[in-house]
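Every number here is computed from the coordinates shown, using simple stated rules; none is lab data. Nothing here was measured: the structure is a model prediction, and the numbers come from that model. Neighbour counts are summed over all protein chains in view; Cβ atoms, including those assigned to glycine, are modelled from backbone coordinates with ideal geometry.
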Amino acid sequence: MSNISENLKIIKENIKQAATKSGRKPEDIKLLAVSKTIAPEIIQQAIDLGLTELGENKVQEIMSKYELLPEAKWHLIGHLQTNKVKYIVDKVEMIHSVDSLKLATEISKRASAINKPMNVLIEINIGNEESKHGVPIEEAEALAVEISRLDNINVKGLMTVAPFVENPEDNRDYFKQMYKLFIDIQSKNYNNISMEFLSMGMTNDYEVAIEEGANIIRVGTGLFGKRNYNI
Ligand SMILES: *Cc1c(COP(=O)(O)O)cnc(C)c1O
């Protein structure tokens, strides 16, 4: 066994400490193993360690790994083009990257066609970075409400990819803003919006994200090691 199991031990310990700091139980934090660029036989090792929930950022990659890893529960965490929705509605547990009504409408249509309600998160571009997808935080609630009126699509929470920073403390305020909105929307009890999941925090900053309220963290490098994009 590679060092995935060692890495997992460290991550679990860190989750425990950060969850305790924010008055929550470690079991309440879901660790999504981000398996982009990782070969199926390596991913299988993570699955064998109990990491069945996997995050991928490309539709094509989910499609090519899907048959090979039948125990996996896939989450799409990367940008989704409307014309690719049809390939994955039947394959994923949740889409974390919904940032337009157009995309949500297509998801609703395709989910209705196979009678499978799709769980989605609204992606927020918390740092207002040009290179990133997601809606500005000011527009997230209105978008969630519009999407909630569509059939067979359930708004389950919020997601963000925070800026890349050397010091994770630099993202703390962004995570606070996300949590505040998460709680605000939750308290309004909109029909068909449940605000169950706050997906934020990656290898570099997941501890701070948990301290500020994340309950899904998406960890790739910290688990599988550095990615090789050339394979
Ligand atoms: C790659 C990726 C991650 C994981 O990043 P690491 O820094 O390797 O943990 C998390 N979220 C998204 C959306 C990603 O594309």
Specify the inter-centroid distance of segment 165-223 and segment 7-43, based on alpha-carbon positions, in whole Å.
14 Å
Can you tell which of A144, V208, P117 lies farthest toward the positive end of the dipole of segment 78-231, using +1 and -1 charges on the Cβ of basic and acidic side chains (Lys, Arg; Asp, Glu)?
P117
Give, rounded to the nearest 20 debye, the magnitude of the charge dipole that the chain has about its Cα centre when Lys and Arg contribute +1 at Cβ and Asp and Glu contribute -1 at Cβ.
500 debye
Placed amide H near V98: partners under 5 Å, 5+ positions off or other chain:
L121, E123
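Can you pull the percent of Cα pairs in segment 36-89 with separation above 15 Å?
Values: 600 of 1431 pairs.
Summing the P(r) tail past 15 Å for segment 36-89 gives 42 percent.
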Quote to one decimal, in nm, the extra length available between E130 and R149 on full extension: 0.36 nm per residue of separation minus the C-alpha distance between them.
3.9 nm
Quick check on segment 50-179: what are the equivalent-ellipsoid semi-axes from the Cα gyration tensor, as sqrt(5λ), descending, whole Å?
25, 19, 12
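Given 37 °C and 0.692 mPa s, how large is the Stokes-Einstein diffusion coefficient of the chain in µm²/s, with Rh as the Kirkwood radius over Cα pairs?
Details: Rh = 17.8 Å.
My calculation gives 184 µm²/s for D.
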Residues whose modelled amide H sits under 5 Å from the amide H of K30, counting only those 5 or more places away in sequence or on another chain, are I216, I217
Taking 7 Å along the Cα-to-C-beta vector as the label spot, tell me the T105-K86 distance in nanometres, rounded to one decimal.
1.7 nm
At 7 Å along Cα-to-Cβ for each site, give me the label-to-label distance between E71 and S5 in nm.
1.3 nm
Relative to the Cα centre, what is the charge dipole magnitude of segment 123-182, using +1 at the beta carbon of each Lys and Arg, -1 at the beta carbon of each Asp and Glu, and rounding to the nearest 20 debye?
280 debye
Which order do the peptides 208-220, 17-29, 49-61 take when ranked by the mean count of other beta-carbon atoms within 10 Å per residue, highest first?
208-220, 49-61, 17-29
Simple spin-label estimate for K58 and D28 in nanometres, 7 Å along Cα-Cβ:
3.7 nm
Give the calculated FRET efficiency between E41 and E13 to the nearest 0.05, with a Förster radius of 22 Å applied to their Cβ-Cβ distance.
0.25
What Kirkwood radius, in Å to one decimal, follows from the Cα pairs of segment 128-214?
13.6 Å
Calculated log₁₀ intensity ratio I(q)/I(0) where the Debye formula runs over C-alpha points of segment 87-134, q = 0.19, 0.24, 0.25, 0.26 Å⁻¹
-0.62, -0.86, -0.90, -0.95
For segment 21-66, state what percent of all Cα-Cα pairs lands in each successive 10 Å bin, counting from 0 Å until the bin that includes the largest distance.
24, 47, 20, 9
In Å, what is the Rg of the alpha-carbon atoms in segment 160-206, and how long is Dmax?
12.5, 40
Using alpha-carbon coordinates alone, the radius of gyration and Dmax of segment 4-93 in Å work out to 14.6, 43
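Round to the nearest 0.05 the FRET efficiency obtained for I114 and E169 when R0 = 25 Å and r is the Cβ-Cβ distance.
Values: r = 44 Å, r/R0 = 1.77.
The computed FRET efficiency comes out at 0.05.
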